[in-house]
Amino acid sequence: MLVHVVLISFRPDTSAEQRQQVLLDYQGLGERCGGKDAGIMFWQVDRNLDQRKDWHLVELSAFRDDTALQRFREHPVHVQATSVLREIADWAVGDIHSDWALD
């Protein structure tokens, strides 16, 4: 299992509407990129509860393996979502292998 975490920080000039649209788009991104059939074993995106460091959204996901993560990164829906995000936000990514067992 590979755990994938993304912290998203919107730029100051990003409107509330843009922030809300990104949240909604990213909440469904795992399913639109194939879901469990594509090796995306867990997917959650929501507002960060801790705003002290200006990370506005947190994506927490788990992939079956490195290959599933790479397929997700190359998926056209993900590529499009990232191109939109690139215009209004910055982000940090962390990936670790884990022994989590998800159904």
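Quick notes on this structure:
- Verdict on Val22 being assigned to a strand (DSSP E or B), at negative phi and among the hydrophobic types (A, V, I, L, M, F, W, C): no
- Pairing residues of the stretch 1-18 that are touching a residue at least 40 places away in the same chain (Cβ under 8 Å) and more than 21 Å from His97 (Cα to Cα) with residues that are among the charged types (D, E, K, R) and in a strand (DSSP E or B), at Cβ distances under 9 Å and at least 6 apart in sequence or on separate chains, gives Ile8/Glu59; Ile8/Asp90; Ser9/Asp90; Phe10/Asp90; Arg11/Asp90.
- Hey, Leu57 among the aliphatic types (A, V, I, L, M), more than 28 Å from Ala101 (Cβ to Cβ) and either exposed (fewer than 13 other Cβ atoms within 10 Å of the Cβ) or modelled with pLDDT of 95 or more (or both) or not: no
- The single residue among Asp66, Asp90, Asp25 that is in contact (Cβ under 8 Å) with a residue 60 or more places away in the chain, of a type in the set (D, E, K, R) and surrounded by 13 or more Cβ atoms within 10 Å (Cβ to Cβ) turns out to be Asp90.
- All positions within the stretch 31-49 that are in contact with a Phe, Trp or Tyr (Cβ under 8 Å, 6 or more places away or on another chain) and either modelled with pLDDT under 95 or outside any loop (DSSP other than H, G, I, E, B) (or both): Glu31, Gly35, Ala38, Ile40, Met41, Val45
The values are calculated or read from the model by the stated rules, or taken from the named source; none is laboratory data. Note that the structure is a prediction, hence the values are computed from the model and not measured. Ideal geometry is used to build each Cβ from the backbone, glycine not excepted, and the neighbour counts take in all protein chains shown.
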